[in-house]
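Q: Below is one structure. I have some questions about it.
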Amino acid sequence: MQNNSNLNKTIQYNGNKFMQEHYLYNLNIFINQEVIDKFHGVKYVCMQGSGDRAKALAQKLAKVTLGIEETYFTPQNLFKTAKFEVFRVGNILSVSHGMGTISIMNLLDDITKLMKASGNTDLEYIRIGTSGGINIAPGSVVVTDTAYKPDLTTGYPMTILGKEIIFPTQMDASLNERIIKAQPEIEQFNLYRGNSITADDFYLGQCRFDGAIKPRYDENMRQKYFKKIMALNIYNFEMESTAIASFCSRANISASMIAVTLIDRLNGDQVTATAEELDNFADRAHTVAINYLLSQIA
Ligand code: URA
């Protein structure tokens, strides 16, 4: 229910003032008292590409934190008409971010306005994703320290007022330490802490040969690039980490990425794992995130 007494009040954060009913375009909601009540008290924002994965995580979280059996509970998407889906379990939000830096960047701005307007200032953002591994077994999980650009320098470039600005892309080292510390000594898969590359796309940007258009590079050139990547302790290609790392460092929010690898790119381009194997791999990234979340909220 709308609390009319609040309609003319302003919401303040980060030196900005927002009228109640400030519109969050990418979430297709207005900030009002009902929305603030719905989102107050959130600390952890977990982000994944698809709405289905965000929902699956919410279902698991409901089971491990509240004991609610998955068969009896379907998480409700709180953004019914938005480009993104969001599910809440206790102080955790599980949100979809779509694909690529531009998609996640739009989510990050609006979800952060929503969090701050709801009075949530102590925040941790974790992207839980899939990736293409580099010289590690498929199914390994990587916790990212620094997000690299495809030219193998760090930073996230944005062109602002006609000028390129490069924002830093370090994840929060202490959050990463807590994530690693929360894992059991013996796990069924390999866990690495290292760096990641945010590619511009799945094909050319990740030096594949199986895109729609024949690339100009050859295998020899690609191998040289892979060697440089490995020398930088980079374990995987994906498409969002520079955006989340740079946004969160600007917004003063702790951030990390936990991504499972679906393939070892030294051995090929095509992701050939079966749907079941892919689900199993994706569950591993969930496991690492859930171990961490449980260590914090238990
Ligand atoms: N996601 C990517 O960006 N690359 C892969 O190879 C697999 C998943």
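Q: Helix 101-117 against the longest principal axis of the chain: what's the angle in degrees, Cα atoms only, rounded to the nearest 10?
A: That works out to roughly 30 degrees.
Q: Could you tell me how many degrees, from 0 to 90 and to the nearest 10, lie between the Cα long axis of helix 219-231 and the main elongation axis, the longest principal axis, of the Cα atoms of the chain?
A: With rounding to tens, the tilt is 60 degrees.
Q: Among Ser118, Ser50, which comes first, then next, by fewest other beta-carbon atoms within 10 Å?
A: On the way: Ser118 19, Ser50 14.
Listed from fewest to most nearby Cβ atoms, that is Ser50, Ser118.
Q: Evaluate the range 89-175: find the radius of gyration of its Cα atoms, find its Kirkwood radius, and give the ratio Rg to Rh. All intermediate terms of the calculation are to be shown ahead of the outcome.
A: Numbers: Rg = 15.3 Å, Rh = 15.6 Å.
Result for the range 89-175 is an Rg/Rh of 0.98.
Q: When all alpha-carbon pairs of the range 130-298 are counted, what percent fall beyond 22 Å?
A: Here the tail beyond 22 Å accounts for 45 percent of pairs.
Q: Which order do Asp110, Asp279 fall in if you start with the one that has the fewest other Cβ atoms within 10 Å?
A: Values: Asp110 20, Asp279 12.
Final ranking by Cβ density, sparse to dense: Asp279, Asp110.
Q: Determine ³J(HN,Hα), in whole Hz, for all residues of the range 38-45 in sequence, where each value follows from phi through the Karplus function 6.51 cos²θ - 1.76 cosθ + 1.60 and θ = phi - 60°; x replaces Gly and Pro.
A: Values, residue by residue: 5, 10, 5, x, 7, 10, 10, 10 Hz.
Q: A follow-up question, please. Over the chain, what relative contact order in percent results from Cα pairs under 8 Å that are six or more residues apart? Please list the in-between numbers first.
A: Details: 574 pairs, mean separation 63.9, N = 298.
In percent, rounded to a whole number, it is 21.
Q: Which entries of Lys83/Lys228; Lys63/Lys181; Lys80/Lys149; Lys43/Lys227; Lys60/Lys224; Lys63/Lys228 have Cα-Cα distances beyond 32 Å here? Could you put the intermediate results ahead of the total?
A: Working: Lys83/Lys228 37 Å; Lys63/Lys181 22 Å; Lys80/Lys149 34 Å; Lys43/Lys227 39 Å; Lys60/Lys224 42 Å; Lys63/Lys228 43 Å.
Beyond 32 Å: Lys83/Lys228; Lys80/Lys149; Lys43/Lys227; Lys60/Lys224; Lys63/Lys228.
Q: Projecting each Cα onto the charge dipole of the chain (Lys/Arg +1, Asp/Glu -1 at the beta carbon, about the Cα centre), which of Ala82, Ser50, Pro168 comes out farthest on the positive side?
A: Positive-most Cα among the choices belongs to Pro168.
Q: Summing +1 for each Lys or Arg and -1 for each Asp or Glu, what net charge is found among the other residues whose Cβ lies under 14 Å from the Cβ of Thr198? Please list the in-between numbers first.
A: On the way: positive: Arg127, Lys149; negative: Asp145, Asp151, Asp200, Asp201, Glu238, Glu240.
With Lys, Arg at +1 and Asp, Glu at -1, the net is -4.
Q: Extent of the range 225-298 along each principal axis, from alpha carbon coordinates, in Å, largest to smallest?
A: Taking max minus min along each principal axis of the Cα atoms, the range 225-298 gives 39, 31, 18 Å.
Q: Another question, if that's okay. Over the chain, with a Gaussian network built from C-alpha contacts below 10 Å, which listed residue (Ala212, Ala182, Ala285) shows the highest mean-square fluctuation?
A: Among Ala212, Ala182, Ala285, the largest GNM mean-square fluctuation belongs to Ala212.
Q: Any chance you could give the angle, 0 to 90 degrees and rounded to 10, that helix 241-251 forms with the longest Cα principal axis of the chain?
A: The helix 241-251 is inclined about 40 degrees to the chain.
Q: Against the globular-protein guess of 2.2 N^0.38 Å, express the Cα radius of gyration of the chain as a ratio, rounded to two decimals. The partial results should precede the final answer.
A: On the way: Rg = 19.6 Å, N = 298, 2.2 N^0.38 = 19.2 Å.
After normalising by residue count via 2.2 N^0.38 Å, the value is 1.02.
Q: Under a 5 Å amide H to amide H cut-off, with H placed in plane at 1.01 Å, what residues pair with Ser254 once short-range neighbours are removed?
A: Leu123, Tyr125
Q: Using Cβ counts within 10 Å as a stand-in for footprinting exposure, how do Thr272, Thr261 rank, fewest first?
A: Numbers: Thr272 10, Thr261 28.
Fewest to most other Cβ atoms nearby, the residues stand as Thr272, Thr261.
Q: Compute the length gained on full extension between Asp210 and Met158: take 0.36 nm times their separation in residues and subtract their Cα-Cα distance, giving the result in nm to one decimal.
A: On the way: separation 52, 0.36 × 52 = 18.72 nm, distance 2.90 nm.
Residue separation times 0.36 nm, minus the Cα-Cα distance, leaves 15.8 nm.
Only the coordinates and a few stated rules stand behind these numbers; no lab work does. As the structure is a prediction and not an experimental result, all values here were calculated from the model. Every residue, glycine among them, receives a Cβ derived from its backbone with ideal geometry; neighbour counts consider all protein chains shown.
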